[in-house]
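Below you'll find the structure, written out as structure tokens, and then a few comments.
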Amino acid sequence: MAMKAFKAESKRLLDLMIHSIYTQKEIFLRELISNASDAIDKIYYRALTDDKLVFDKDSYHIKISADKENRLLTLTDTGIGMTQEDLENNLGVIAKSGSFAFKQENELKEDHSIIGQFGVGFYSAFMVADVVTVISRALGSDQAYKWESRGADGYTIEPCDKDTVGTQIILKIKENTEDEQYDEFLEPYRLKAIIKKYSDFIRYPIKMEQDGEEQTVNSMVPIWRKNKNELTQEDYDNFYAEKRYGFDKPIKHIHIQADGAAVYRAILFIPEKPPFDYYTKEYEKGLELYSNGVLIMNKCADLLPDYFGFVKGMVDSEDLSLNISREMLQHDRQLKLIAKNIAGKIKSQLLSLLKDEREKYEQFYESFGRQLKFGVYSDFGMNKETLQDLLLFYSSKEKKRVTLDEYVARMQEDQKYIYYASGESIDRIEKSPKTELVLDKGYEVLYLTDDIDEFALKVLMSYKDKSFKSVSDSDLGIETDAKNDEETPEESGQKELFDEMKSLLADKVKAVKASKRLKSHPVCLSTEGEVSIEMEKILQAMPNSQDVKADKVLEINVNHAVFQSLKDAYAGDKEKLALYTNLLYHQALLIEGLPIQDPVAFTNDICKVMV
Ligand code: ADP
Ligand code: MG
């Protein structure tokens, strides 16, 4: 019997196939099962147009059996089979797909379920087998043929006997090597796990024999193909657990059955708790991607924007091919459309959670609010519009988290800005001297305690035409009651004192000023310009931080008794003035939680006041 060579640069292609298209060896089983399922589908489609052919669903199945002793793994299907010519054409020419041709000939466009179309899947068998034997009898033919190959060398075809229509594929599984284990592909429990993982939703039973009994391994109808009203909350929760999306109970599920521009099904979950590695580089976002019920990717990152990276779940689309690579997927138009669609759905579901189930939303926000704020900040604020209504911040008024919309809706008539104060904790912010004036005016203040908060607000810039204003800003935009622009003689006296203090502090501060905001406290630090004190702290704490500093203004409360002491010192004792100035400056640093450069000098200064 003459050995025939594969066509189409076969050796190189086969090598490529075995070494690079697939990263995991176990997927050979997925490919062979998909082919078997396609072959059964073909009989089904044939029966639609051929009166003599009856498709009785019960007689169609795929059987898998392992013979450990002889290292043989056999897949048998009751599909359409292959003629001698088919074997030549479909298995003798790499990258030729009989299934693709079938779809074209039969004008199957929408709603088909045939998976194959690339003509390479079959060869993945050579990743685990030394010899692949295909025994097939085509529908309508009495003669069966045997195709056999040891890989790149070529293949043989000869007539043989087979009682029934269909195909049997026998793999002679490779011996274990030092680096690779192949035995596992002969272990029934392992084979079952692989089938469950990739082929659970193949529509025909995949049967395996174990302990003399035959059982169906796959569950066939995937939950996402079922009608929403047939499903209970428990079904979704079970699915979440079975799929190991997380160990928590999801806060919400989103079941999408889209039939518009993008045709796909999806079940998405919003988890309750972040996985332990969520806010680290190790975390990989992504959704499971199925093509027609067959898993093609565990974590398809392109399906989710980073800011919704916490979402778990799966997408099934009919228009994707099985052996598509990651690089190809990135450019897939269909996939992009689905991703866009999904992002929109997630957003609208989060908004309705916020509206209708506030408590649950707050629970969600506790876990993933930081992610949303990062989303506002990243990509130069490109997604801020999408995300701004999903944000919550702690409110001085409500003593809980509120939305920006809620804040703006109850702003006072004379209030120009959305005020915020940042600090380490709610408690610390509440006690900060700087919030006094704004709170006294009766304005609501948002308390920011997360590193990212202030950066996110800077990127947002404004919400509903109201700009954000830090209570540390030197200009608060609040009209104090008795104020006109002309300097009183008293104020001009102050100016000299403050100028002197400024020169004593040199470039530690940009200015020393009489405070308009302080009521009971003697001193505070405010800032001019873009960088606030909290931002300075965060930027300084970053690895490779550039030396970014806030422009600080030392504000003195001229109604405080301390001010009189300053004036007295200025008039009579310049050394004392220097001492007091230093003390006040350092106190202001302490209130802000900023480090004191020279603590020893500072304590010595305090002692000087005492003796
Ligand atoms: P694809 O599935 O993308 O078409 P494959 O390399 O997996 O590519 O298979 C090549 C072709 O071989 C299929 O298109 C089909 O025509 C044929 N084929 C493979 N396995 C079977 C089978 N079990 N029964 C019938 N035909 C098959
Ligand atoms: Mg295939």
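Each value in this text was obtained by applying a stated rule to the coordinates, not by laboratory testing. Values in this document were obtained by computation on a predicted structure and should not be read as measured data. Here the Cβ positions follow ideal geometry from the backbone for every residue, glycine too, while neighbour counts run over all protein chains shown.
Structure notes:
- Projecting the Cα atoms of L460, T216, F368 onto the charge dipole of the chain, computed from C-beta unit charges around the Cα centre, puts T216 farthest toward the positive end.
- The label point for R358 and the one for V221, both projected 7 Å from the Cα toward the Cβ, are 4.1 nm apart.
- With 0.36 nm allotted per residue and the present C-alpha distance subtracted, the N70-A506 stretch has 148.2 nm of extension available.
- Inter-probe distance in nm under a simple model that places probes 7 Å from Cα toward Cβ, at D248 and E184: 3.1
- Centroid-to-centroid separation of the range 49-67 and the range 542-560 [C-alpha atoms, Å]: 78
- The chain - mean residue ellipticity at 222 nm from DSSP helices (-39,500 (n - 2.57) per run, n ≥ 4, rounded to 500): -10500 deg cm²/dmol
- Residue separation of D450 and Q564 scaled by 0.36 nm, minus their Cα-Cα distance, works out to 37.2 nm of gained length.
- Taking a ≥ b ≥ c as the square roots of the eigenvalues of the Cα gyration tensor, an a/c ratio of 1.5 or more together with a/b larger than b/c marks the chain as prolate.
- Taking the average, over residues, of other Cβ atoms within 10 Å as the packing measure, peptides 171-178, 593-600, 556-563 rank 556-563, 171-178, 593-600 from highest down.
- Counting only whole DSSP H helices of the chain, the ones at least 20 Å long by C-alpha along their axis and with mean Kyte-Doolittle hydropathy no lower than -0.5 are 27-49, 333-356, 574-592.
- For K495, the lysines whose Cα comes closer than 26 Å to its Cα, not counting residues fewer than 8 places off in the same chain, are K434, K483, K508, K510, K513, K516, K519, K549, K552, K567, K574, K576.
- Of the cross-linked pairs K228/K252; K42/K336; K312/K347, those separated by over 20 Å at the C-alpha level are K42/K336.
- Cα-based shape type of the range 383-462, given that a ≥ b ≥ c are square roots of the gyration tensor eigenvalues and the cut on a/c is 1.5: oblate
- At R0 = 51 Å, FRET efficiency that the Cβ-Cβ distance of D605 and M461 yields, to 0.05: 0.80
- Global geometry of the range 403-545, whether rounded, prolate or oblate, following the gyration tensor of its Cα atoms and the 1.5 cut on a/c: oblate
- Annotation: extensible slack from K519 through N106 equals 140.3 nm (criterion: 0.36 nm per residue apart, minus Cα-Cα distance).
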